[in-house]
Amino acid sequence: MSNSGRFFDEVPDRRNTASLKWGKYAGKDVIPLWVADMDFRSAPEIVRAAVEAAEFGNYGYGKCPESLIEAVMLRLRRLYDWEIERHWLVWLPGMVCALNLACRTLEKESSQVFTHTPVYPPFLSAPGNFDLPCVRIPLQLRNDRFSFDFDALNELPTKPSDLFKLCNPHNPVGTAFTREELECFAAWVCERELLVCSDEIHCDLLLEPDLKHFPLASLSPEISERTITLMAPTKTFNLPGFGCSFAVISNGELRRKFKKAMAGIVPDPPAMGFGLADVAYRYGDPWLGDAIDYLRENRDFAFSELSRMKGLKPFSPSATYLLWIDARDLPVDSPCSFFEDAGVGLSDGKDFGTPGFLRMNLACSRELLAQALERMSSSLIDL
């Protein structure tokens with residue numbers, strides 16, 4: 001095993017550390033493979049920067065440093081050939097609030113929100129927080145890959161300035177949409193005169209070496225003017241506890257509305273969040289490359305094991321560290337509760353709009369993943 005492999009095998013013990021992921025099953029023999037954060041240590045450069053910031057001893061309010069703005073602009077240019085202006089950036093303490101803010105920018109009472117299913121639960125709950133209807137369009141499954149159903153999209157009764165919430169790469173199914181798919185979607189959006197909130201937080205977590213991410217807003221000036229793009233280093237570099245995310249909004253009026261929706265409600269990211277995001281983007285890519293190699297091996301291992309289990313149909317993700325499982329053939333009322341009773345905590349597909357499915361977090365040590373898969377396999381023997 002390589003040194004990088006041993007690094008990701010040797011994870012910290014997160015029990016009794018105020019961890020959301022591990023605290024859910026405190027005092028129970030349940031392996032938590034649910035909420036999407038990693039069990040791995042962050043990059044050594046990030047850890048050193050966090051220690052230095054903690055030892056500094058002052059924890060006042062934060063302001064985004066110029067170096068972070070430059071790092072983001074450079075990264076988008078280098079990875080995606082996407083030239084943005086610094087004033088397009090809006091800093092946020094997290095993604096979920098941004099999904100709600102996008103709904104809050106809609107001024108018309110008759111506005112609608114459209115999204116695919118299955119999808120990350122806040123996509124489904126955010127519209128209701130503002131008394132907006134949420135229209136769900138199932139993703140189309142072809143050759144074990146989920147994608148757009150353009151026939152279904154063309155039948156939708158949209159109105160100008162309705163909002164479409166896109167997730168790319170997609171949580172939970174793990175699809176990284178191709179340029180061709182996104183260009184077709186962008187053309188449809190522009191024809192219908194819609195707005196888009198594009199959650200691209202998993203854009204750096206591509207598990208296939210030849211895969212490329214295409215920010216929707218980078219495809220043309222026309223789609224850029226209709227898009228709120230959401231990104232963050234926190235998912236990529238395992239920093240969700242230091243909430244620091246950003247929106248890219250080229251349309252000045254849309255950006256003004258988004259900021260107005262934030263006013264008095266949404267705080268700035270913490271100073272340490274800004275600082276660690278800067279370090280992550282500047283120095284974290286070697287760690288990220290090793291992490292992706294490890295996650296790819298975890299994916300292949302889990303997919304192979306799950307494929308042999310009676311009643312389960314796994315889908316191999318090309319991006320994210322999340323594996324989607326069709327468990328509808330199991331003779332149980334709730335697959336999620338069934339496996340929880342067997343000692344494995346997974347995310348319930350009903351929260352993503354598709355009951356009978358499960359989501360597995362692969363960002364754990366290989367040893368822990370093997371234990372979880374063994375528990376799942378053993379629980380199915382007598383069914």
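Derivation of every value follows stated rules applied to the coordinates shown; laboratory data play no part. Treat the numbers as computed from the prediction; the structure is a model and nothing was measured. A quick note on method: Cβ atoms are made from the backbone with ideal geometry, for glycine too, and the neighbour counts reach across all protein chains shown.
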Inset, instruction - Any lysines with Cα under 25 Å of the LYS310 Cα? List them, leaving off those in the same chain fewer than 8 positions away. - result: LYS350
Inset, instruction - At 7 Å along the Cα-to-beta-carbon direction for both SER365 and ALA18, put a label point, then send me their distance in nm to one decimal. - result: 2.5 nm
Inset, instruction - Mind pulling the per residue volume of the convex hull built on the Cα atoms of the chain? Å³ is fine. - result: 146 Å³
Legend entry - Close Lys-Lys pairs in segment 66-283, where close means Cα under 18 Å and separation is 8 or more or interchain: 7
Legend entry - Mean separation of Cα contacts under 8 Å (6+ apart) over length of segment 1-114, as relative contact order %: 13 percent
Legend entry - Charged-residue dipole, Cβ positions (Lys, Arg, Asp, Glu), the chain about Cα centre, Debye nearest 20: 620 debye
Inset, instruction - Please list, in chain and number order, the residues 5+ apart from LEU194 or on another chain whose amide H is under 5 Å from its amide H, with Hs placed from the backbone. - result: SER161
Inset, instruction - Among the GluC sites (Glu not before Pro) in segment 65-162, which ones are in a DSSP loop with at most 13 other Cβ atoms within 10 Å of the Cβ? Mind listing them? - result: GLU83, GLU85, GLU107, GLU109, GLU155
Legend entry - segment 1-43-segment 332-379 distance, computed between alpha-carbon centres (Å): 16 Å
Inset, instruction - Would you calculate the separation in nanometres between label points at SER378 and SER307, each defined as 7 Å from the Cα along the Cα-to-beta-carbon direction? - result: 2.5 nm
Legend entry - FRET efficiency, 1/(1 + (r/R0)^6) with R0 51 Å, evaluated for LYS350 and VAL47 via beta carbons: 0.85
Legend entry - Relative contact order, percent, the chain [alpha-carbon distance under 8 Å, six or more residues apart]: 24 percent
Inset, instruction - Could you calculate the contour length gain from ASP341 to LYS159, that is, 0.36 nm times the residue separation minus the distance between their Cα atoms, to one decimal place in nm? - result: 60.9 nm
Inset, instruction - Could you go through segment 78-95 in sequence order and give the Karplus-derived ³J(HN,Hα) for each residue, using 6.51 cos²θ - 1.76 cosθ + 1.60 with θ = phi - 60°, rounded to whole Hz, and x for Gly and Pro? - result: 6, 7, 10, 6, 10, 8, 10, 9, 4, 6, 6, 7, 10, 8, 9, x, x, 7
Inset, instruction - Take segment 319-363, drop everything but the C-alpha atoms, weight them equally and run the Debye formula without solvent; then report log10 I(q)/I(0) at 0.30 Å⁻¹ to two decimals. - result: -1.15
Inset, instruction - Please get the size of the charge dipole for segment 170-278, origin at its Cα centre, with Cβ charges of +1 on Lys and Arg and -1 on Asp and Glu, quoted in debye to the nearest 20. - result: 520 debye
Inset, instruction - Please give the direction-averaged projected area of the C-alpha convex hull for segment 246-358, in square nanometres with one decimal. - result: 11.1 nm²
Inset, instruction - Report, for the chain, the % of DSSP beta bridges that are antiparallel, rounded to 5. - result: 50 percent
Legend entry - Total charge dipole magnitude, segment 226-383, about the Cα centre, Cβ charges on Lys, Arg, Asp, Glu only, Debye to nearest 20: 900 debye
Legend entry - segment 213-285 - Debye-derived log10 I(q)/I(0), Cα point model, q = 0.19 Å⁻¹: -0.91
Legend entry - segment 66-283: Cα Rg divided by the 2.2 N^0.38 Å rule of thumb: 0.96
Inset, instruction - Starting from the Cα-Cα distance between ASP285 and ALA187, subtract it from 0.36 nm times their residue separation and give me the gain in nm to one decimal. - result: 31.9 nm
Legend entry - Bridge type composition, segment 66-283 - antiparallel percent by DSSP, nearest 5: 35 percent
Inset, instruction - Would you grab the residues whose amide H sits under 5 Å from the one on SER245? Only those 5+ places off in sequence or on another chain, please, with H modelled 1.01 Å from N. - result: LEU92, GLY94
